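Okay, structure first, notes after.
Bear in mind that the values in this text are calculations on the coordinates, not laboratory data. Bear in mind the structure is a predicted one, so any value in this text is a computation, not a measurement. With ideal geometry, Cβ positions are generated from the backbone for all residues, glycine too; neighbour counts draw on all protein chains shown.
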Amino acid sequence: MIKGLLWYQGESDTSTPHDADAYRGNMTKLIENVREGLGLPSLPIIQVPILSGDNKYMEKGREAQLGMEIPNVMCVDARGLELKDDHLHLTSKSQVLQLGRLLADAYLQRFGPSEPDSHAAI
């Protein structure tokens, strides 16, 4: 059973002004298509806003993600977590120990059961 979708992608969608301007609409359509395809119209989705990279229009993409007002869609911001030397990707430690925990906590606080269920899969 699918309980939610975690989305952490988008740097390449901010390389041109056209792509950055289209991000919100493209992401909205993706969410609609995934929910429809899975038959889960209120599937919880947690996205991590674009946080790094050299793309000139990255902030436009971040703003699009942070400004989405779609039911059961939320953001967990990874800004400030340690990056690899490429200044684009998070270090393994940041991904696993920090971002992973942030995502799990956000899911459980917003969408999780009121009482822990040791048999439920996320």
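Within the range 65-74, restricting attention to residues that are in contact with a helix residue (DSSP H, G or I) (Cβ under 9 Å, 6 or more places away or on another chain) and among the hydrophobic types (A, V, I, L, M, F, W, C), the residue that is surrounded by the fewest Cβ atoms within 10 Å (Cβ to Cβ) is Ile70. Any residue in the range 84-96 that is in contact with a Lys or Arg (Cβ under 8 Å, 6 or more places away or on another chain), over 24 Å from Pro113 (Cα atoms) and not β-branched (Val, Ile, Thr)? Yes, that holds for at least one residue. Scanning the range 75-92 for residues that are under 13 Å from Tyr8 (Cβ atoms) and touching a helix residue (DSSP H, G or I) at 6+ places or on another chain (Cβ under 8 Å) returns Cys75, Val76, Asp77, Ala78, Leu81, Leu88, Leu90.
Of the residues making up the range 56-80, those that are over 29 Å from Ser42 (Cβ atoms) and hydrophobic (A, V, I, L, M, F, W, C) number 1. Residue-level check: of (1) more than 11 Å from the chain's Cα centre (by Cα); (2) within 23 Å of Gln109 (Cα to Cα), Thr91 misses just (2). For the range 1-58, a residue qualifies if it is in contact (Cβ under 8 Å) with a residue 12 or more places away in the chain, part of a helix (DSSP H, G or I) and among the acidic types (Asp, Glu), and the qualifying residues are Glu11, Asp13, Asp19, Asp21.
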